[in-house]
Structure formats: structure tokens, C-alpha cells
Amino acid sequence: LGNGGSTLHALRFLEEHYGDQWTSLTVLLIHSGGYSQRLPNASALGKIFTALPLGDPVLQMLELKLAMYIDFPRHMKPGVLVTCSDDIELYSTGPTETITFDRPGFTALAHPSDVAVGTTHGVFVLDPSSFSGKGGLEYGSCYRFLHKPDVETMQQSGAVCVRERCPQLSCPGSQGDSSTASECVYTDSVFYIDHSTAKLLLGFYKQMGTLCCEIDAYGDFLQALGPGATPDYIKDTRNVSREGSGLVGVRQQLFSLLQGTPLNVIVLNNSQFYHIGTTEEYLFHFTAESKLRFELALQPVAFSIFPDSAKASDQLSIIQSILEPGCVVGPGSVIEYSRIGPQVSVGQGSIVSGCCISFSVDIPSSCFLSSVSVRVTGGVQYVTMAFGVGDDLKRSVKSLSDLHSLQFFGASLPECLDLWSIEASDQLFSSKDTLLGLWTARIFPVCSTLSESVRMSLDMLSSVQHKSALNLSGFQLLSVEEMLTYKDVEDMLKFRRQIYDEICLQRQKEKSDF
């Protein structure tokens, strides 16, 4: 559980697979994306395979990561470079400045960010004697690392800096004037572990045997580092999605193991860190006037068949999809890996992923639709998850009496269940550990065709919108959690391949006609 546990697991695999040879390897380790509860169209295949509205054919996050880090191996001693799959780091350095990973212990990249951004990221308390805040790139040391701290903690610990032209992190709603001096903090992204420290962590993992709790590679590794590290975080489990048994004990052991290990920081003063891990960020960066969209030249229509009649607004994102003449897509919406028929209207600010919609329908605004191929009892079947883009899939309650606090597309979950003739009981939820939430609620019908599964899920949204009854009691119903258990990845990729082949054929036809 957790990206820390998976990092340790990967280290053990490397040693088993390469033997003594692994001591000389430079390794890029990307966490593929976990449950992706805040961007569920990436849940089935992993955030690292998120399609970008860029390239012909389209690039995925994996290719972008490899392009961004292409220069690193030449300036890196044996060790492991750890990164997430939903962030993008763009930076500019001088012609003679090089990012080098060659120091003992941990070495992390640091980016200037709004103080507000620091509350949802890792923040470095830099040793003031080791950096000036000037120039494109500086090597310094970190006194202490804070994990998702509040503003007061950042100020009290000396993490807040005042600097000229503090760049704004291009996050939703970020407006700041970058021409004046302003307060900022230095936030984390990629970090490197030298080989001897990686070996130390591997020894700890072998000694532990099995980990029964969620370890975070950022919070649990980095908070133990630097001369100012304190064990205060060990008992703080607020940012843990599943605590598991023995978390406090495991953190205590990690703290003892890593205490005194240096945390070197490469300060990239002229850099931007972008996160695309939530539906809000995804829509903002792909469809709005975001800085990232400009810097990467993201396209409104990428490797798709898009009818001339439907003039492409700049404020949308169509990725490897086939849209038939007559369909309408509202501004601020993303369509990926989908086939949209002629009588389909998509509202504003919606996400449609992996869907086949061959019938006449108005898809509401701020709606999230993502289809998953499943094998529950043999053959391939289809389920489409449908939510409001702002619905909180991470939120859970502990008893049925609290279900009213869960919101589904603007209504309380019990209201929705009544409309759908579904009984609110313990059997409604798939989770074994009494976490009752939208993620574990068995509410989505299993259908024999992709198109029918989309129709049923849109009927669910329509019934909630118009307060009209829709009887789902005769269907086999799955939760999102179960969709991932039963997912048929090959069938999902086959559907994507069919769209790809059709686009290529259409391109060839257009060339020969021309």
C-alpha cells in the first residue's frame, strides 16, 4: 500500500532480478498512479498512461516524463530517481548549469510556488546559508521537510521566502501579478536516492517482511531527513487514505533509520510545477487559458476525427476520438478515447472517457463519464461510472445513518438510492473495512454493450437531475472499486486501437482524395 511501500517493493525486485549488477544502475521509478480517486478516468489503466492533447499520434504522460528527464542519466551516479505520474516539471537553466544527482543521501528538486500551493505539497525549509534565491539553478541543503503543512507551520518554521518575481504555480484560480516581490515556498517534485541509501531502505524492507500499512515515499521518507527533522509527524495520520496496522511503529523505525541522512536540494528558481491529478486540474490545464497549455502547445483537437461543421473552440480538448457530424461539445470539456454519435450534445466542463455514444442524448454540464470493460463471470461486459466532476470519491462515512453527507451529482446519496430503487444497507458497499462512500457504493449497472452501459449511467444522472424514478433493482451493480478488480485491460486497449486504426484509415483516405 502507498507509493513508499511500492518503492521498497520495486527495489527488492531490482535486486532479485539484476543481482549485484543493480549497484551500478541508474533507475527511473515512476509511481503509476494508485487508485486515482480524484481523476477516475485514469483509475483502470494508471495515471502514467494519461493521454495528453499533444502529438500525432497522441503522447501519454510516460513519454512526456521520459522527454523531460532525458538529460538526467548522464549526470547521475547509481541510484533511483523517484517521481509521480501526475506532475509536470518545466524549468529553464543557464547554458552552463546542469542538474546533477551525485551526492550521498537524498537529492530533491525544489520549485518556487504560492504559499497556498504548499498546503497540498511537500515544502522544503532551506538552510539560508546555502542558497541566495538568485540564478536559474542553485545547490543547497534542506534543514527540514514539511509534508502538506498549514500556512502557520510554514511561516513558523522559516519555509516562507520573499523573492522578486515569484512565479505563480498555474493552478485553477491562480491569478497573481508576477512582476512584484512576493512570498513563496519551495515545493517538492522529483527526488533521487543514492545507491547506498537505497540499499539501506531495502535492508529495512527485508527485515520488515510484510508491510501492513500505507507508507508514503514523500511524507515518510523525506520528513525523517535534514538536521531539523522531528518525530512529530509520526502520529499524524491525517493524510493517509488507509492507515493499516502498525503505521506509527513503521514510521518510528523509518525515522530512526534515516535520521541524519542528508537532504540535498536543487533549487530551480526559474521553474514551474504542474499537477494534473484531479478533475479540476485536468479540465483547467487541458481546456482553459493555462500557462501549461501555452508552454506545451497543447492542442484543442489531437489525433481525432472532428467534423468541419463543428468548429473547434479553443476551449475544449478532443483526444484520440471520433466525433460524427452533428454532435456538439460545450466549452471546457474533455473527450478522450471515445466515439460520439451525430445526435449527441456534451455540456460545458464535462469529461467523457472510453465511451461509445451512438444514441441521441444531451450530456449535462459538469458531468464525468468513464467506461470500463469488465469480466465478472466469463465474457466481457461493460460498466460506465458517472458522477459530477466535483463529486468527492475519497470521502467516506462509517455508518449508514451518515450517508446523507455523501453528494452524488448535486443530490444526497440516500435521495439517489430512493430514485433508483436501491436499498441502503451494508451489502450496498463493496469495501471490507466499513468505508462507505461513492468509491465503494454498488450503484453502476453491468451491461452487455459499451453503448448500453453509457446509456444506463446517463439515465442515472438524468433521474437525479429531474428527480424521476429509475428502477435499477434488476441489474447486477458494481462499485468503482469492483470495476477495477474485474477490469479487462485488453478489451479497453482493443477499443482504443479500433479508434486509432479508424483515424489512420481516414487520414490515408483524405491524403489519396487530395
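Assorted remarks:
- Modelled FRET efficiency - R0 25 Å, Y35 with S421, Cβ distances, 0.05 increments: 0.30
- For the pair Y18 and D491, a Förster radius of 30 Å applied to the C-beta separation gives a FRET efficiency near 0.35, rounded to the nearest 0.05.
- Fraction of accessible area attributable to carbon and sulfur, the chain (%, probe 1.4 Å): 50
- Gap separating the Cα centres of segment 273-317 and segment 322-337, nearest whole Å: 12
- Simple spin-label estimate for K199 and S401 in nanometres, 7 Å along Cα-Cβ: 5.8
- Extension gain, L28-R375: 0.36 nm per intervening residue step, less the Cα-Cα distance, totals 121.6 nm.
- Trypsin sites (Lys or Arg not before Pro) lying in DSSP loop within segment 267-346, provided at most 14 other Cβ fall within 10 Å: K311
- Straight Cα distances below 15 angstrom link K148 to the aspartates and glutamates D114, D188, D216, D220, D232, D236, with same-chain residues fewer than 8 positions distant left out.
- Distance between modelled label sites at R74 and D501, nm, 7 Å Cα→Cβ extension: 4.1
- DSSP bridge pairs, the chain: antiparallel proportion in percent, nearest 5: 60
- Part-to-part distance (alpha-carbon centres) for segment 394-443 and segment 99-169, which is given in Å: 41
- Surface accessible to a 1.4 Å probe, per residue, for the residues of the chain, Å²: 43
- From most to least packed by mean Cβ count within 10 Å, the peptides 206-212, 281-287 give 281-287, 206-212.
- All lysines inside 19 Å of K65 as judged from Cα atoms, apart from same-chain residues fewer than 8 positions distant: K47, K291
- One chain, two ends: A67 and T210. Fully extended at 0.36 nm per residue, the span grows by 47.9 nm beyond their Cα-Cα distance.
- Loop-resident sites, segment 20-114, for trypsin sites (Lys or Arg not before Pro), counting at most 14 other Cβ within 10 Å (DSSP): none
- DSSP beta bridges confined to segment 301-503 are antiparallel in about 45 percent of cases.
- In summary, the lysines within cross-link reach of K206, defined as a Cα separation below 26 angstrom excluding same-chain residues under 8 places away, comprise K77, K235.
The values are calculated or read from the model by the stated rules, or taken from the named source; none is laboratory data. From a predicted model like this one, the values you see are computed outputs, not experimental measurements. Neighbour counts are summed over all protein chains in view; Cβ atoms, including those assigned to glycine, are modelled from backbone coordinates with ideal geometry. To get the accessible areas, we keep the full protein, side chains included, count just its heavy atoms, and leave off ligands, DNA and RNA. Shrake-Rupley method; radii C 1.70, N 1.55, O 1.52, S 1.80 Å.
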